[in-house]
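Input: a single structure, listed below in structure tokens.
The values are calculated or read from the model by the stated rules, or taken from the named source; none is laboratory data. Since the structure is predicted, the reported quantities are computational estimates derived from the model, not experimental observations. In this analysis, Cβ positions are derived from the backbone assuming ideal geometry, glycine residues included, and neighbour counts consider all displayed protein chains. The accessibility values were calculated without ligands, DNA or RNA, using every heavy atom of the protein model including side chains. Shrake-Rupley method; radii C 1.70, N 1.55, O 1.52, S 1.80 Å.
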Amino acid sequence: MTTLLRRPWFGPLVALVLVYALFAAVSPDTFARAVNLSTMARQTVVVAIAAVGMTYVIIHGGIDLSVGSVVAVTTVVVAQCLRAGYGPLAASGIGVLAALLAGLVNGVLVAHLRITPFIVTLGTMSVLRGAAKGLANEQKIDADPRGLDELMAAVPPDSWQLLPTGVWIALATAVVAAVVLRSTVFGRHVVAIGSNEQTALLCGVPVPRVTILVYVLAGALAGLAGVMEFSTLTVGDPTDSIGLELEVIAAVVIGGGSLAGGQGSIWGAMVGALLMTVIKTGCTHAGVPNWVQEILTGAIIVIAVAIDRFRRR
Amino acid sequence: MAGQVAARLTLEGVCKAFGPTRVLHEVGFEVGAGRVHAVIGENGAGKSTLMKIVAGALPADSGHMRLDGVPFLPHSTIAAREQGVAIVYQELSVCPDLTVAENILLGVEPTRFGLLQPQAIEERAQRALERVTGQRDRIAVHTLVADLSPAERQLVEIARAIAAESPKLLILDEPTSSLSAVDASRLLSTLRQLAAEGLSVLYISHFLEEVREVADDFTVLRDGCVVESGVIAATNNDALVQLMAGRAVTRAQRSARSVGEVVLQLTEVAGVRLPKQASLELRRGEVLGIAGLVGSGRTELLRAVFGLDAVLSGKLRVLSLTGSKAPSVRLSQGVGLTSEDRKQEGLALALSVRDNITLSKLEPFRRGGLLSERAERSAAAHWVERLGIRCRDVDQAAGELSGGNQQKVALARLLHHDVDVWLLDEPTRGIDVRSRGEIHALIDSLTGRGKAVLVVSSTLEELLEICDRIAVMRRGVLGPAHPVAELSEHALLAEAAGA
């Protein structure tokens, strides 16, 4: 029981259940319906997948502000590829590859030029936003999704699939990422570097290589999130997902991630992402205006972290 | 020296320079198998650089090394570790967010099909840890390192060093500087045990008593050159000190002391966790020492007096004010503290020597609404000269100075502030013999000017040398203060350890 209490995702999970119960009590006829669970899961997919990558980056002791721009670039690349006649799989693959390359640039700059991740990704955030606009000629790119829209489409209530494909992909991503973090040398080294980089170096951990890999991973996952975003929008939009990185960082931090590095949890981040969706959706159902939602979300982030610090004393 | 013993490590003509600065010159000596070899010398003598070269963290410019007769040229710490040479650095170096076992096998984790083997990791860690502690359950391998004491972290680091497949040579750089006397002596007997099992140890230390206790052989470095190597039993401490310093070091003469009014009075003071109960009286013109083990609450006592930690119960009077006050109030009263943790708390390492000295009291430099840099600089330069702080100029970053000089900068701040009550926490930890002597002389001179000094130290010899009275802190409870004339190291150690 005490070990359960010490899990980083435990606190946020309790918060999630409480918030869900609160909104279910306020709007029992709309919010509490089962179909709404599926809808909320679907709305969380983009943030959740990007948050998996961000969890690695934050545990490693870094930060990635370029996530929103990477997602926008990916939607544009996917749309352009579809227009050029590529199939949905190839278009998605090329989109993720582009995102992965953006992550590689971040990683190399952080690892070899020794610029702090905040500055590097602040720069690439702007560079990639510009690149997205250039690739799209500063307009939305319409393209036939050729089935890609199915990823994020709502499933019929009686379907064996239960949840949209995108949700399953997000879950699978989280499972694999959690296993890699916990049970591989790479995962262990990510934690070690975030906890004490000097020690990691002295113990022979290949710090630059692990660093690059972390940002490549974050880039590729942001790309996957971008494919999901395209599936939702069905257009390539260079001005999409502005500010998404902050939501993603918030999810990781609510889930027990420490910006000082060394701490964080994939499942905590998933719960964090879901918590924010529940607040948004719940407020909409309860007729709470948008500006109150924003205040609430912000307050929850700070309170979650404050409680976490208190608990650790 | 180790004539009858096979050579484990042989150094020949090792040279190293950083830019134009020559750090090591033609260094050569031999470490025997199963021998503990002490490398001693003042700060800046090149000991740490030499150890880094042996450990593979730095390349030598020229020279040869042989390990068990085979040329030894590690290009990284991991390469050295694979060949059985591991180093434990002076600053504790562990990952607080990983468990004990994960720390011990960091960088050499066993895997199968790409997945870590937690069972194998725990077993190997357990074996290494048992060998170091000599006990089965002193430290549980699955605890987070964040939850361990500094002494336990040190043991984890040593376990990590010997967790290699076949450890041959263990290098320790000032391993006891963050340990209490009891933990330090336990560590020394562990090292003797490991040596008896055939491991060779290269041991860097400032503490000659410790070197005498643990080492078989010694090498003295001075200004990057080997001054002498030999068997430790065939020499005495005065001779060693002379070799290190290049001249006879005279002990600080203690001036006759006359005590004045009480400036600090504690009656059964208790903090949140530590101290549990502390009563004392400190008068002008005297030096009161506090001995005790690391973790016994000595630092917390000083912090409570200075207002950094809360006082829960008891009576606290400092100069004219009763009760707990914020540090800013204490400073304006004329109470100052130097932290045991120079790098984290004591100094702002990125700031200049000048900024560090003047930080707490900038009023004298105010010209209108602005600070006069010129006035500040000349005030700082005054203290730099007074204390013999070796720096390029007062604008050099404090972080670039050696440990001894950094400590003098911290003390210069209290001098500049002209405090009456000096709270000193481990004022000479990890600094060289000469600086230590100079700081002792400074403390002595304070008493002549009617200042009161409360000093915490883990070095009993130091307390006996500089204090008028010494009290022992044990598990948060401060014992009565005894005049030094009635005390010995043995008596203090016995009281601290509860023997």
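B:Leu464: under 13 Å from B:Val287 (Cα atoms) and touching a strand residue (DSSP E or B) at 6+ places or on another chain (Cβ under 9 Å), yes or no? Considered against the rule, which asks whether it is under 13 Å from B:Val287 (Cα atoms) and touching a strand residue (DSSP E or B) at 6+ places or on another chain (Cβ under 9 Å), B:Leu464 comes out as yes.
Suppose the filter is touching a Lys or Arg at 6+ places or on another chain (Cβ under 9 Å) and surrounded by 15 or more Cβ atoms within 10 Å (Cβ to Cβ); does A:Ala111 pass it? For A:Ala111, the condition - touching a Lys or Arg at 6+ places or on another chain (Cβ under 9 Å) and surrounded by 15 or more Cβ atoms within 10 Å (Cβ to Cβ) - is met. Pairs meeting the criteria (first residue in the range B:52-74 and on the phi > 0 side of the Ramachandran plot, second residue loosely packed, with under 14 Cβ neighbours inside 10 Å and not in a strand (DSSP E or B), beta carbons under 7 Å, at least 6 apart or on different chains) are B:Gly56/B:His75. Only one of the numbered conditions (1) at pLDDT 90 or above; (2) within 20 Å of A:Ile58 (Cβ to Cβ) is not met by A:Pro289, and that is (2).
Table: residues versus (1) touching a Lys or Arg at 6+ places or on another chain (Cβ under 6 Å); (2) within 14 Å of another protein chain (Cβ to nearest Cβ).
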| site | (1), (2) |
| --- | --- |
| A:Pro206 | no, yes |
| A:Val214 | no, no |
| A:Ala220 | no, no |
| A:Gly223 | no, no |
| A:Val227 | no, no |
| A:Thr232 | no, no |
| A:Pro238 | yes, no |
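Report whether or not A:Ile242 is closer than 24 Å to A:Val67 by Cα, more than 14 Å from every other protein chain (Cβ to nearest Cβ) and not in a helix (DSSP H, G or I). Show your work before the answer.
Numbers: closer than 24 Å to A:Val67 by Cα: yes; more than 14 Å from every other protein chain (Cβ to nearest Cβ): yes; not in a helix (DSSP H, G or I): yes.
Against the criterion (closer than 24 Å to A:Val67 by Cα, more than 14 Å from every other protein chain (Cβ to nearest Cβ) and not in a helix (DSSP H, G or I)), A:Ile242 qualifies.
Give the residue that is nearest to the other protein chains (Cβ to nearest Cβ), with candidates limited to residues of the range B:61-80 that are within 15 Å of B:Leu170 (Cα to Cα) and either under 27 Å from the mean Cα position of the chain (by Cα) or of a type in the set (A, V, I, L, M) (or both). Once the filter is applied, the top-ranked residue is B:Ile78. Considering (1) within 14 Å of another protein chain (Cβ to nearest Cβ); (2) of a type outside the set (Gly, Ala, Ser); (3) surrounded by 20 or more Cβ atoms within 10 Å (Cβ to Cβ), the lone condition that A:Ile254 does not fulfil carries the number (1).
For the range B:328-339, the count of residues that are part of a loop (DSSP other than H, G, I, E, B) and either buried (at least 19 other Cβ atoms within 10 Å of the Cβ) or not small (Gly, Ala, Ser) (or both) is nonzero.
Find the strands (runs of 3 or more DSSP E) located wholly in the range B:1-98 whose residues include 1 or more that are among the polar types (S, T, N, Q) and at pLDDT 90 or above, and list them. Steps first, answer last, please.
On the way: elements: B:7-18, B:21-32, B:36-40, B:62-67, B:85-88.
Per the criteria, B:7-18, B:62-67.
Residue-wise test of (1) more than 25 Å from B:Glu102 (Cα to Cα); (2) over 22 Å from the mean Cα position of the chain (by Cα).
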{"position": "A:Ile141", "(1), (2)": "yes, yes"}
{"position": "A:Leu148", "(1), (2)": "yes, no"}
{"position": "A:Gly166", "(1), (2)": "yes, no"}
{"position": "A:Val176", "(1), (2)": "no, no"}
{"position": "A:Leu213", "(1), (2)": "no, no"}
{"position": "A:Ala225", "(1), (2)": "yes, no"}
{"position": "A:Thr232", "(1), (2)": "yes, no"}
{"position": "A:Glu245", "(1), (2)": "yes, no"}
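Taking the range A:187-204 only, how many residues are of a type in the set (Val, Ile, Thr) and more than 7 Å from every other protein chain (Cβ to nearest Cβ)? Break it down into steps so the answer makes sense when it comes.
Applying the first criterion (of a type in the set (Val, Ile, Thr)) to the range A:187-204 yields A:190-191, A:193, A:199.
Next cut, more than 7 Å from every other protein chain (Cβ to nearest Cβ) only: A:190, A:193.
The number of residues fulfilling the criteria is 2.
Tally the residues that are of a type outside the set (S, T, N, Q), more than 9 Å from chain A (Cβ to nearest Cβ) and touching a strand residue (DSSP E or B) at 6+ places or on another chain (Cβ under 9 Å), restricting the search to the range B:81-104. The qualifying residues number 5.
Per-residue answers, yes or no, for (1) in a loop (DSSP other than H, G, I, E, B); (2) at pLDDT 95 or above; (3) out of contact with any helix residue (DSSP H, G or I) (no Cβ under 8 Å at 6 or more places or on another chain):
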| position | (1), (2), (3) |
| --- | --- |
| B:Ala256 | yes, no, yes |
| B:Val263 | no, no, yes |
| B:Ala270 | no, no, yes |
| B:Leu288 | no, yes, yes |
| B:Ser324 | yes, no, no |
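Of A:Ala225, A:Ala260, all but one fail to be out of contact with any His (no Cβ under 6 Å at 6 or more places or on another chain) and open to solvent by less than 10 Å² (accessible area, probe 1.4 Å); the exception is A:Ala225.
Here B:Glu42 passes the criteria (1) surrounded by 19 or more Cβ atoms within 10 Å (Cβ to Cβ); (2) closer than 13 Å to B:Ile171 by Cα except the one numbered (2). The set of residues in the range A:91-108 that are aliphatic (A, V, I, L, M), open to solvent by 30 Å² or more (accessible area, probe 1.4 Å) and over 12 Å from A:Gly219 (Cβ atoms) contains only A:Ile94. Among the conditions (1) modelled with pLDDT of 90 or more; (2) over 30 Å from A:Gly264 (Cβ atoms), the only one that A:Met152 does not satisfy is (2).
Do we find that A:Val175 is touching an Asp or Glu at 6+ places or on another chain (Cβ under 7 Å) and either more than 14 Å from every other protein chain (Cβ to nearest Cβ) or under 15 Å from A:Gly53 (Cα atoms) (or both) in this structure?
No: the conditions fail for A:Val175.
Taken over the range A:165-204, the criterion of being of a type outside the set (Gly, Ala, Ser) and in contact with a Lys or Arg (Cβ under 7 Å, 6 or more places away or on another chain) is satisfied by A:Val167 alone. With a requirement of 3 or more residues that are of a type in the set (Lys, Arg) and more than 20 Å from A:Ala174 (Cα to Cα), none of the helices (runs of 4 or more DSSP H) lying completely within the range A:1-101 satisfies it.
Taking the stated definitions as given, is B:Val384 assigned to a helix (DSSP H, G or I) and touching a residue at least 24 places away in the same chain (Cβ under 8 Å)? Quick ask: steps written out before the conclusion?
Numbers: assigned to a helix (DSSP H, G or I): yes; touching a residue at least 24 places away in the same chain (Cβ under 8 Å): yes.
Spelling it out, B:Val384 is indeed assigned to a helix (DSSP H, G or I) and touching a residue at least 24 places away in the same chain (Cβ under 8 Å).
The sole residue among B:Arg112, B:Arg138 that is within 14 Å of another protein chain (Cβ to nearest Cβ) and not hydroxyl-bearing (Ser, Thr, Tyr) is B:Arg112.
One line per residue, one yes/no per condition, for (1) at pLDDT 90 or above; (2) of a type outside the set (A, V, I, L, M, F, W, C); (3) open to solvent by less than 60 Å² (accessible area, probe 1.4 Å):
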position	(1), (2), (3)
A:Val271	yes, no, yes
A:Val278	yes, no, yes
A:Gly282	yes, yes, yes
A:His285	yes, yes, no
A:Gln293	no, yes, yes
A:Thr297	no, yes, yes
